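The values are calculated or read from the model by the stated rules, or taken from the named source; none is laboratory data. Source: prediction; values computed, not measured. Neighbour counts are summed over all protein chains in view; Cβ atoms, including those assigned to glycine, are modelled from backbone coordinates with ideal geometry. We work out accessible area using only protein heavy atoms, side chains counted, and drop any ligands, DNA or RNA first. Shrake-Rupley method; radii C 1.70, N 1.55, O 1.52, S 1.80 Å.
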Amino acid sequence: MLELRINGFGGQGSVTLAHLLAQAALENGEQGQALPFFGVERRGAPVRAAVRMSPTTIHAHSQCELPDYVVVMSEKLTQAALGEGIIETGTVIINAPQAVPIENHPTWQVDAEAIARQAGLFNADGPLINIPLFGAVCRVLNIPRNIMEQTIMNKWPGKNGERNLGPAGEAYNTVKQVNA
Amino acid sequence: MKTAQVIMATGANAAAQAVKYARVDVVPGYPITPQTSIMEYMASMVENDELNARFIPVEGEHSAMAAAVAASAAGARVFTATSSNGLLYMHEVLHMASGGRLPVVMCNVNRGIFAPWTLWSDHQDSMAQRDTGWIQYHCSSNQEVFNTILQAYRVAEQINIPIMVNFDGFAISHCLMPLTLPPQEDIDQFLPPHKPEWRLDPANPSSFSNVTMAAEYAPFRQMLSDDIIASIPLVKQAAQEYKEATGMWDGDTIDTYRLEDAEVVAFAINSMAAELKLSVDILREQGIKAGLLRPRLYLPFPAEDIIAALPQNAQVMVLDRNYNFGHPGGILASELKSVLFGRRNDITVKNRVMGIGGIDLTRRFMAAEIRAMMDE
Amino acid sequence: MKSLTKAYRPISWPMLGAGGDTGSWRVHRPVVDVQKCTKCQFCWAYCPEAVIDRHEIIIDYRYCKGCGVCAVECPTGAISMEKEE
């Protein structure tokens, strides 16, 4: 069972990102689970969501205390996210223009905000960074690109889905490991 | 022939899908976190003509259950849902549903009780309704929520006792997971339309729940008590027939995992019992012969099945997500001890209360707790 | 399931004489003075045994138990309670 935690700020789309990843697991022929942590008055405040993928039935129903992967939606949260727990050699995926490698942890960087801005993906809260991050995480987890695209189109059939394919694909291509 | 379909659904959506499959007629609803999303799904299903039912928005949970009781007495198949203090507010009318022998099915999405406020799960709300004369299931997965609601209608309408289907707030209700939706025809065969042998009907006037003298009242209560226990074979039959119809199985009155040769048995309900399967695996890797016994049916408490399933000389670790005020531990432990007394003197029962107000119950934490309990 | 009979549920069906031979209890009988009666239907509304015809104000003495509620409630004093022979 693969466990992943998303750390972000409320409004950045962590819940949707978690849902997309769980859905992608299903499209990829596995079981998927998205378990966001819900609180009160979370907009703008730190939030987290658990994602699990497994070839067999998922019995876990807790938040991921020691995940294999941590997705950091905003680089400001990097230390806090690691402080919440990650396995010893767990992978970190950071949304930042540049990322500082984290010792002992394979560290991946993607500039999700720049990609979203360039594609004109905005809502009232700002750029929709979860779409490029979805592409980036799929790449890191070795989820095939066509599965990633299929997941987006199933969630938003038609034009809305198509608008997301470009930025998600760009992140899929440009996410890079900074301490290979 | 149509085949089953797999969608991604939250526990709340799973509940709403089951209600749709049950072709429910009336849905009175009042929102309360974390149950609200069930009512949102129900309202939109009715609005979009996916479900041919009457949705009744009411001004509180007392009214929601009152409307459910009235609609059920009029012969409708009824569903409602609530959580926490909403369930407590229904308390009086819950007795009316059971005493009136009305087959209402309700979801309670478990949430801790005020005061102080909490939004997250523990089991104090449903356990506080233990003595209302309702049958109670407790579910440990999204799929089980879907399956159990359909089985609950089957059982409730056979024996005319209302049923509460409980599952954890957020850990199930807001957890997105694959959900298998069987073909509607299979469910229609498993759960035929509700045909009550009595209903409130202006063309054939009758009076419901009149004043009774003790000589009439006492037998009504005795029959309710007897019939709640008599529901156990119906619960098993419903689980079996559901399996034959859909191929899906969550256990009947109980669910077990690696129990046959277990020396240490975890005993818990709801989503923590699913996570406990992983704790059992961890303990087994450490050389401890661990197993799991989960009562899926909490009320009536499946005494005979528990007595038959527990291995000889087992240490049973009861993990309660509730308090049994006035006693040092939780309510499940108390129920289990009363069942074992004089019947299984080989069994040792130990108890801890945990996970109150949504404290995260991880596989590692619960495995460590069970290890610590072994040394007590 | 021995208790799964019609009687397990608290339902009653209204019917004439469901309360038994209540007319035999009567010590005083209500008598309507048709001259004073305005057919206001108060007696019909108040009668606990439902033995008064709504429109003709005729009392069914088979089941009237003689409680006198109708005589007290009648706004024109049209009902008097007379000792049974």
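Checking the condition in contact (Cβ under 8 Å) with a residue 40 or more places away in the chain, buried (at least 16 other Cβ atoms within 10 Å of the Cβ) and within 30 Å of B:D360 (Cα to Cα), which residue from A:I143, A:I147 passes?
Only one candidate passes the filter, namely A:I143.
Would you please name the residue that is nearest to B:P233 (Cα to Cα), looking only at residues in the stretch B:159-185 that are assigned to a strand (DSSP E or B) and within 14 Å of chain A (Cβ to nearest Cβ)?
So, considering only residues that are assigned to a strand (DSSP E or B) and within 14 Å of chain A (Cβ to nearest Cβ), the one nearest to B:P233 (Cα to Cα) is B:F167.
In the stretch C:25-51, which residue that is open to solvent by 80 Å² or more (accessible area, probe 1.4 Å) and at positive phi is modelled with the lowest pLDDT?
So the residue we want is C:A50.
Could you pull out every one of the strands (runs of 3 or more DSSP E) wholly within the stretch B:12-85 that has 1 or more residues that are in contact with a Ser or Thr (Cβ under 7 Å, 6 or more places away or on another chain)?
Where strands (runs of 3 or more DSSP E) fall fully within the stretch B:12-85 and carry at least 1 residues being in contact with a Ser or Thr (Cβ under 7 Å, 6 or more places away or on another chain), they are B:26-29.
For the stretch A:34-120, list the strands (runs of 3 or more DSSP E) that sit wholly inside it and hold at least 1 residues that are surrounded by fewer than 22 Cβ atoms within 10 Å (Cβ to Cβ), more than 13 Å from the chain's Cα centre (by Cα) and within 14 Å of chain B (Cβ to nearest Cβ); which are they?
Those strands (runs of 3 or more DSSP E) span A:46-54.
Taking the stated definitions as given, is B:F79 surrounded by 24 or more Cβ atoms within 10 Å (Cβ to Cβ) and not β-branched (V, I, T)?
yes
Anything in the stretch B:197-235 that is of a type outside the set (D, E), in contact with a helix residue (DSSP H, G or I) (Cβ under 9 Å, 6 or more places away or on another chain), open to solvent by less than 50 Å² (accessible area, probe 1.4 Å) and under 20 Å from B:H95 (Cβ atoms)? List them, or say none.
Those that are of a type outside the set (D, E), in contact with a helix residue (DSSP H, G or I) (Cβ under 9 Å, 6 or more places away or on another chain), open to solvent by less than 50 Å² (accessible area, probe 1.4 Å) and under 20 Å from B:H95 (Cβ atoms): B:W198, B:F208, B:T212, B:F220, B:M223, B:L224, B:I228, B:A230, B:S231.
Test of understanding: among A:P101, A:P132, A:P106, which residue is out of contact with any strand residue (DSSP E or B) (no Cβ under 6 Å at 6 or more places or on another chain) and of a type outside the set (V, I, T)?
Criteria check complete, one pass: A:P132.
Which one of these does B:A156 not meet: (1) open to solvent by less than 20 Å² (accessible area, probe 1.4 Å); (2) assigned to a helix (DSSP H, G or I); (3) in contact with a strand residue (DSSP E or B) (Cβ under 9 Å, 6 or more places away or on another chain); (4) touching a residue at least 60 places away in the same chain (Cβ under 8 Å)?
Every condition holds for B:A156 apart from (4).
Could you run through the stretch B:307-333 and say how many residues are of a type in the set (S, T, N, Q), in contact (Cβ under 8 Å) with a residue 40 or more places away in the chain and open to solvent by 20 Å² or more (accessible area, probe 1.4 Å)?
2
What number of residues in the stretch B:97-127 are outside any loop (DSSP other than H, G, I, E, B) and either without any contact (Cβ under 8 Å) to a residue 40 or more places away in the chain or hydroxyl-bearing (S, T, Y) (or both)?
Residues in the stretch B:97-127 being outside any loop (DSSP other than H, G, I, E, B) and either without any contact (Cβ under 8 Å) to a residue 40 or more places away in the chain or hydroxyl-bearing (S, T, Y) (or both): 2 in total.
Somewhere in the stretch B:53-64, is a residue open to solvent by less than 10 Å² (accessible area, probe 1.4 Å) and either in contact with a Pro (Cβ under 8 Å, 6 or more places away or on another chain) or charged (D, E, K, R) (or both)?
yes
Please pick out the residue among A:L21, A:L17 that is under 17 Å from the mean Cα position of the chain (by Cα), surrounded by 21 or more Cβ atoms within 10 Å (Cβ to Cβ), away from chain B (no Cβ under 11 Å) and outside any loop (DSSP other than H, G, I, E, B).
Checking each option against the conditions leaves just A:L17.
Might you check whether a residue that is among the acidic types (D, E) and either within 13 Å of chain C (Cβ to nearest Cβ) or touching a Phe, Trp or Tyr at 6+ places or on another chain (Cβ under 6 Å) (or both) occurs anywhere in the stretch B:186-197?
yes
Answer yes or no as to whether C:R54 is of a type outside the set (A, V, I, L, M, F, W, C), on the phi < 0 side of the Ramachandran plot, away from every other protein chain (no Cβ under 14 Å) and open to solvent by less than 60 Å² (accessible area, probe 1.4 Å).
No; evaluated as a whole, the condition is false for this residue.
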